[in-house]
Amino acid sequence: MLSPNTFALTALLALLTALGPLAMDLYLPSLPAIAAAFGAPLADVQLTISSYLIGFAGGQILYGPLSDRFGRKPVLLGALAIFCLATMITFAAPSVAALIAARTLQGMGAAGSTVLSRAIVRDLYEGPRAGRELSLMGAIMGVTPIVAPVIGGVTQTAFGWRFGFILIFVAGTATITAVWHLLPETARMNEERGESLRALIGSYLTILKNRSFLAHLGIATTTYCGLFAYISGSSFVLQDLYGLSPFAFGMFYGVTSFGFIAGTLLASHAVIRHGFDWTIGLGAAALATGGALLTVVGAILPTEVVALVPPIMLFSAGIGLSLPLALAGSLQPFPDRAGAASSLVGAIQQAAGAVAGAIVGHLLGATAWPMIIGIAAMGWLTLLLWLFTRKIRAHAFKPRT
């Protein structure tokens with residue numbers, strides 16, 4: 001079993017965190033091909049993203065409290081088994097409707113790896129140390145949106161869209177093996193918690209009354225909505241409107257994801273030196289600035305795809321700076337309810353991301369403006385939330401230097 005404060009454990013937790021994005025990013029280059037294969041409108045195919053997020057949100061509600069009661073490891077293994085089963089169903093899906101349903105189940109399985117990896121971090125670390133751990137995990141996990149779309153573009157070109165789900169299944173089974181042999185149990189199990197629906201609701205209500213939790217949750221949610229405005233719109237915008245091939249789209253998506261890695265690496269150092277508030281504020285400023293620059297580029301250079309790269313990279317850096325620390329801040333007040341708190345924040349941000357993605361997908365047409373406006377609006381909303389919740393977060397959670 002791996003020990004705390006080791007890079008190997010951080011890497012394993014990053015692998016768990018990366019599984020959900022892998023199932024999202026690897027098949028993005030195939031979305032237009034899926035629409036063509038089934039003769040379905042783009043809005044229907046986009047629902048395979050939203051349904052995944054809905055399943056992801058619903059699954060997180062259950063896994064955290066269950067893991068508080070029965071332990072992180074057995075619940076995590078069950079979630080991974082659901083993920084692998086659902087992935088094989090997506091591979092064999094005979095219609096868009098079946099694919100949407102299978103993606104919902106796949107999201108429910110993937111939710112366990114994300115929510116429980118965060119809970120494990122809270123089990124082992126506190127304060128800025130927990131923020132640093134989540135940022136380092138984010139940096140490692142950030143390789144996924146760089147590599148996955150490129151692999152997805154290659155497999156789409158060479159083998160078609162179904163082959164990508166085989167690769168996702170292989171990743172899922174490898175993760176099960178690693179968790180079974182290497183992951184220690186970290187939960188502070190409580191036999192009373194989780195025994196009844198009333199206890200579960202009471203636990204969630206206690207968490208929702210915490211103003212620091214709500215402030216950090218708001219920042220995490222708007223950041224996440226901006227991310228999924230990009231994810232939901234980018235495949236169609238870049239391939240159908242800008243004419244990129246699946247491989248070129250994967251390269252574009254991968255290059256812009258370097259901004260996320262840079263943001264998470266910067267956050268892992270800045271949070272120790274400057275604290276949560278300063279680092280999240282830097283991320284919020286990057287989100288707002290990236291969104292504003294993207295709006296300018298869309299207005300004056302509407303056909304230059306290369307011009308989109310710098311503002312999207314800056315926006316991605318803002319995500320890497322703010323999102324891991326907002327998540328860590330939301331969990332900080334609840335050492336004995338880390339699973340439930342992680343479930344709640346994950347479910348709310350995923351549900352909001354699903355709505356944002358569905359709106360962008362529904363509005364997409366002959367221009368990129370639905371995606372651009374969604375990204376810019378969420379960037380500025382994140383900055384405003386950071387500004388207006390500073391006193392709440394400073395009072396409830398003192399940054400350490």
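The values are calculated or read from the model by the stated rules, or taken from the named source; none is laboratory data. For clarity, every value in this text was computed on a predicted model and none was experimentally measured. Heads up, the Cβs are rebuilt from the backbone with ideal geometry, glycines too, and the neighbour counts pull from every protein chain shown.
Annotations
- Checklist (1) among the small types (Gly, Ala, Ser); (2) buried (at least 21 other Cβ atoms within 10 Å of the Cβ); (3) modelled with pLDDT of 85 or more applied to Ser235, failing item: (3)
- Extreme residue, modelled with the lowest pLDDT, among residues of the stretch 99-124 that are within 18 Å of Leu344 (Cα to Cα) and small (Gly, Ala, Ser): Ala119
- Restricting attention to the stretch 1-33, the residues that are small (Gly, Ala, Ser) and under 18 Å from Leu80 (Cα atoms) total 5.
- Residue selected from the stretch 125-144 under the condition at pLDDT below 80 and not in a helix (DSSP H, G or I), by the criterion farthest from Ala220 (Cα to Cα): Glu126
- Only one entry of Gly153, Gly259, Gly263 meets the criterion of being under 23 Å from the mean Cα position of the chain (by Cα), crowded, with 17+ Cβ neighbours inside 10 Å, of a type outside the set (D, E, K, R) and more than 30 Å from Ser343 (Cβ to Cβ), and that entry is Gly153.
- Filter pass, Phe163 being in a helix (DSSP H, G or I), without any contact (Cβ under 8 Å) to a residue 60 or more places away in the chain, of a type in the set (A, V, I, L, M, F, W, C) and over 19 Å from Asp336 (Cα atoms): yes
- Single unsatisfied condition, Pro335 versus (1) without any contact (Cβ under 8 Å) to a residue 24 or more places away in the chain; (2) assigned to a loop (DSSP other than H, G, I, E, B): (1)
- Meets criteria (touching a helix residue (DSSP H, G or I) at 6+ places or on another chain (Cβ under 7 Å), in contact (Cβ under 8 Å) with a residue 40 or more places away in the chain and within 24 Å of Asp68 (Cβ to Cβ)) for Leu134: yes
- The residues of the stretch 57-70 that are surrounded by 18 or more Cβ atoms within 10 Å (Cβ to Cβ) and either of a type in the set (Gly, Ala, Ser) or not in a helix (DSSP H, G or I) (or both), listed by number, are Ala57, Gly59, Gly64, Ser67.
Residues checked against (1) among the polar types (S, T, N, Q); (2) farther than 20 Å from Ala148 by Cβ; (3) surrounded by fewer than 24 Cβ atoms within 10 Å (Cβ to Cβ):
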site: Leu16; (1), (2), (3): no, no, no
site: Leu26; (1), (2), (3): no, no, no
site: Leu42; (1), (2), (3): no, yes, yes
site: Arg72; (1), (2), (3): no, yes, no
site: Leu77; (1), (2), (3): no, yes, yes
site: Ala86; (1), (2), (3): no, no, no
site: Ser95; (1), (2), (3): yes, yes, yes
site: Thr104; (1), (2), (3): yes, yes, yes
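- Extreme residue, nearest to the chain's Cα centre (by Cα), among residues of the stretch 1-27 that are in a loop (DSSP other than H, G, I, E, B), more than 14 Å from Gln106 (Cβ to Cβ) and hydrophobic (A, V, I, L, M, F, W, C): Leu2
- Filter pass, Arg103 being closer than 16 Å to Leu26 by Cα, assigned to a helix (DSSP H, G or I) and basic (Lys, Arg): yes
- In the condition set (1) modelled with pLDDT of 90 or more; (2) surrounded by fewer than 21 Cβ atoms within 10 Å (Cβ to Cβ); (3) over 18 Å from Arg103 (Cβ atoms); (4) under 22 Å from the mean Cα position of the chain (by Cα), Val147 is compliant with all but (1).
- Neighbours by Cβ (under 7 Å, 6+ apart or cross-chain): first from the stretch 93-110, under 13 Å from Ser51 (Cα atoms) and in contact (Cβ under 8 Å) with a residue 24 or more places away in the chain; second surrounded by fewer than 19 Cβ atoms within 10 Å (Cβ to Cβ) and of a type in the set (Phe, Trp, Tyr): Val96/Phe38
- Hits in the stretch 365-386 (condition: closer than 30 Å to Phe276 by Cβ and without any contact (Cβ under 8 Å) to a residue 60 or more places away in the chain): Leu384
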